[in-house]
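Here is the structure we will look at, set down as structure tokens.
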Amino acid sequence: ASLLLLCFRNSLVTPLILVLLLQPPLTQLSTVTQPNIVLLMADDLGIGDVGCYGNDTIRTPNIDHLAKEGVKLTQHIAAAPLCTPSRAAFLTGRYPLRSGMDAVNNYRVIFWNAGSGGLPPNETTFAKILQQQGYSTGLIGKWHQGVNCETRNDHCHHPLNHGFDYFYGMPFTLISDCQPRETPEMDRVFRRKLWLYTQMIGLVTLTAALGRLTGLISARWKTLTCLAGFSLLFFLSWFSSYGFVRYWNCIMMRNHEVTEQPMVTDRTTSLILRESVSFIERNKHKPFLLFLSFLHSHTPLLTTEKFLGRSSHGLYGDNVEEMDWMVGQVLDAIDKEGLKNTTLIYFASDHGGWLERKEGKRQLGGWNGIYRGGKAMGGWEGGIRVPGIFRWPGVLPAGTVIDEPTSLMDIYPTVVHLAGGVLPQDRVIDGRDLMPLLRGTVEHSEHEFLFHYCGIHLHAVRWHQKDSGAIWKAHYVTPVFHPPGAGACYDRGFCPCFGEGVTHHDPPLLFDLLRDPSEAKPLSADTEPLFDTVIRKIGRAIEEHRRTLTPVPEQLSLYNVVWKPWLQPCCGTFPFCWCDKEGDN
């Protein structure tokens with residue numbers, strides 16, 4: 001009898017062991033309580049520039065492999081179509097309007113390192129929460145969220161005041177002014193006007209002086225001296241800032257220290273890659289958060305000689321291919337340290353590609369695939385639909401494609417949850433935890449509505465009708481393209497958010513994004529039976545959304561964006577700001 005009992009027990013134990021051994025690897029999440037987190041964000045990269053999103057002429061094998069080993073999102077949406085507000089939303093999980101990081105005027109991003117606006121100190125970034133959870137947190141690359149508030153060294157907006165233990169990179173953003181050989185990019189039209197006004201004032205002054213010398217004008221010399229003094233003061237008032245953009249904005253910092261002023265662009269790429277790999281190596285024995293914020297693929301498209309001329313899309317394509325190589329180097333560093341299975345990788349762009357960015361016949365901006373519009377356009381898909389890829393071997397199912405609306409703001413609650421942190425309870429968090437959707441335990445995104453702003457102006461709203469699966473999008477305001485039908489604002493360089501450059505729609509333009517992702521055929525009450533129902537539903541959602549908004553200081557007000565010499569980061573004695581500490585080393 002005992003022998004029969006032993007055989008019966010063995011017959012149960014053997015299949016039980018086999019069942020345990022054959023359990024799918026997705027159950028490993030419970031054993032990795034605090035994964036390493038690596039966030040890779042491209043700058044101005046269009047969704048149509050990446051191989052796994054349909055581009056077959058720019059080579060992005062490392063990004064494509066990331067998607068093959070992980071989850072690809074096809075409706076990943078930026079909260080704003082420009083750098084500063086989009087990144088503010090990414091860092092805080094909140095629409096930039098809530099933190100005052102969206103524009104009330106035409107200055108829609110941080111314009112100077114010496115401006116006083118920036119990500120408010122009372123905002124809680126995901127880095128700050130992960131820091132509290134014991135993570136080593138690092139930001140390498142672009143910041144563009146401000147530096148100082150009241151004094152040159154208060155660093156109230158600095159990354160180290162927002163939860164990052166380590167920072168190496170640009171406190172500003174890469175612009176063509178950083179390259180001496182390139183045509184100036186920053187506030188180009190305004191600078192031309194200032195130069196014209198200076199010439200006109202100077203010409204009047206010179207004419208008056210010649211008239212006085214020849215006796216044609218009876219003006220007093222004291223009056224002419226005052227006029228000449230005014231001319232000089234006017235010139236200095238703007239040339240002291242715009243004449244030295246490269247020195248004031250194109251700088252590199254390590255933590256609170258300015259290391260290059262101006263930056264030496266020939267070595268920027270190698271330094272950013274070196275710093276990223278070094279951060280991984282230094283922190284491999286404890287949980288870490290690395291936010292690698294690429295300077296690629298923003299103009300002036302810094303590209304090393306190794307990659308020049310390699311793509312069939314000129315300098316822009318070369319730059320994207322170099323960024324893909326950098327992604328591969330970071331992934332290799334993670335593999336080398338044996339961290340692949342304990343590291344969540346995320347890749348995205350901050351917004352869509354810049355269609356209007358050209359120099360002559362050279363296209364220097366990105367491509368947004370089948371999607372209409374681009375950078376700076378708050379409503380059209382091309383400005384806000386971006387690549388979104390996650391990889392975590394053994395936890396996220398490889399080769400998965402998710403066609404559900406998600407947002408860059410979702411990264412905030414996702415990484416906070418994975419780190420064991422708690423979301424702030426004293427404010428609205430607009431992002432949603434993506435892990436259930438990424439792992440396949442739920443079918444639909446938690447987002448029912450997404451609101452698409454251009455500055456502080458609501459341009460469009462997306463409704464994810466979960467019972468039917470339809471995704472409706474209503475446009476209340478759209479930019480006026482020039483030339484007509486061109487698909488961008490080539491006469492301005494950027495499409496505006498308000499004023500004469502936009503068209504208001506009543507009733508709004510309505511699109512069914514599943515049937516018409518290119519937003520080419522607006523629906524009407526005659527062509528869509530649900531038109532009135534959908535518009536009413538979205539209208540009620542807008543009213544509810546607006547009730548959640550509270551007034552906050554405007555970080556991008558005119559006062560906050562202007563250059564203030566007393567706030568200028570400087571590695572010497574202002575105004576003699578010049579150093580190359582990387583070269584000295």
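Just the number, please: carbon plus sulfur as a percent of the accessible area of the chain, 1.4 Å probe, no ligands or DNA/RNA counted. Let's see the in-between values first.
Values: 14570 of 24860 Å².
Its accessible area is 59 percent carbon and sulfur atoms.
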Quiz prompt | Karplus-derived 3J(HN,Hα), 6.51/-1.76/1.60, for each residue of segment 434-442, Hz, glycine and proline x | solution = 8, 4, x, 5, 5, 7, x, 7, 10
Exercise. Have a look at GLN34, LEU289, GLY394 and report the one farthest towards the positive end of the charge dipole of the chain, computed about the Cα centre with Cβ charges (Lys/Arg +1, Asp/Glu -1).
Key: LEU289
Quiz item: To the nearest 10 degrees, how steep is helix 531-547 against the longest Cα principal axis of the chain, on a 0 to 90 scale?
Solution: 70
Quiz item: Where in segment 400-483 are there GluC sites (Glu not before Pro) that are in a DSSP coil and have at most 12 other Cβ atoms within 10 angstrom of their Cβ?
Solution: GLU443
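Report Rg(Cα)/(2.2 N^0.38 Å) for segment 231-359, keeping two decimals. Write out the running numbers ahead of the final one.
Numbers: Rg = 18.3 Å, N = 129, 2.2 N^0.38 = 13.9 Å.
Against the compact-globule rule of thumb, the ratio is 1.32.
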Self-check item: Amide H partners (placed H, <5 Å) of LEU514, local residues excluded
Solution: ILE471
Quiz item: Leaving out same-chain residues fewer than 8 places away, which aspartates and glutamates sit with a Cα under 20 Å from that of LYS284?
Solution: ASP165, GLU275, ASP332, ASP335, GLU337
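Quick check: net charge around ARG181, other residues with Cβ under 12 Å of its Cβ, Lys/Arg +1 and Asp/Glu -1? Before the final figure, lay out the partial values.
Details: positive: ARG246; negative: ASP177, GLU182, ASP266, GLU359.
Net charge in that neighbourhood comes out at -3.
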Self-check item: For segment 497-585, convex hull volume per residue from C-alpha positions, Å³
Solution: 264
Quiz prompt | Estimated distance in nm for a label pair at THR33 and HIS444, the labels positioned 7 Å out from Cα along Cα-to-Cβ | solution = 3.5
Self-check item: Antiparallel bridges, percent of DSSP beta bridges restricted to the chain (to nearest 5)
Solution: 55
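Could you work out the mean projected area of the convex hull around the alpha carbons of the chain, in square nanometres to one decimal? Display every interim value, and only then the final one.
Details: hull surface 142.7 nm².
Averaging across all directions leaves 35.7 nm² for the Cα convex hull.
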Exercise. Multiply the residue separation of LYS336 and THR550 by 0.36 nm, subtract the distance between their alpha-carbon atoms, and state the gained length in nm to one decimal.
Key: 72.3 nm
Quiz item: Using the C-alpha gyration tensor of segment 188-242, what are the square roots of 5 times its eigenvalues, in whole angstrom, with the largest one first?
Solution: 26, 12, 5
Quiz item: Which of rounded, prolate, oblate describes segment 64-169, given a ≥ b ≥ c as roots of the alpha-carbon gyration tensor eigenvalues and a/c under 1.5 marking rounded, otherwise prolate only if a/b is larger than b/c?
Solution: oblate
Exercise. Grab the Cα-Cα distance for PHE190 and THR57, subtract it from 0.36 nm times how many residues apart they are, and report the gain in nm with one decimal.
Key: 44.2 nm
Exercise. Roll a 1.4 Å probe over the protein chains and send me the accessible area per residue for segment 188-242 in Å².
Key: 73
Practice problem: Please work out the ratio of the alpha-carbon Rg of segment 139-246 to 2.2 N^0.38 Å and round it to two decimals. | Solution: 1.64
Quiz item: How much solvent-accessible surface does ARG432 expose, in Å² to the nearest 10, with a 1.4 Å probe and all protein chains in place?
Solution: 80
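Are there trypsin sites (Lys or Arg not before Pro) in segment 208-247 that DSSP marks as loop and that have at most 11 other Cβ atoms within 10 Å, and which are they? Write down the numbers at each step before the final one.
Values: sites: ARG212, ARG220, LYS222, ARG246; in loops: ARG220.
Answer in residue order: ARG220.
Using the beta-carbon distance between THR207 and SER240 and R0 = 35 Å, what value does 1/(1 + (r/R0)^6) give for FRET efficiency, to the nearest 0.05?
Working: r = 26 Å, r/R0 = 0.74.
Between THR207 and SER240 the formula returns 0.85.
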Quiz item: Got a sec? Which residues in segment 437-467 would a label at THR400 touch, if it sits 7 Å along Cα→Cβ and we count backbone N under 17 Å?
Solution: 437-447
Quiz item: Between the DSSP loop rule and a limit of at most 11 other Cβ atoms within 10 Å, which GluC sites (Glu not before Pro) in segment 145-231 are left?
Solution: GLU150
Self-check item: ARG59 accessible area, assembled protein chains, probe 1.4 Å, Å²
Solution: 120
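The values are calculated or read from the model by the stated rules, or taken from the named source; none is laboratory data. Keep in mind that what you see is a predicted model, and the values were worked out from it rather than measured. Neighbour counts run over all protein chains shown; Cβ positions are idealised from the backbone, glycine included. Just so you know, the surface numbers come from the protein's heavy atoms only, side chains and all, with ligands and any DNA or RNA stripped out. Shrake-Rupley method; radii C 1.70, N 1.55, O 1.52, S 1.80 Å.
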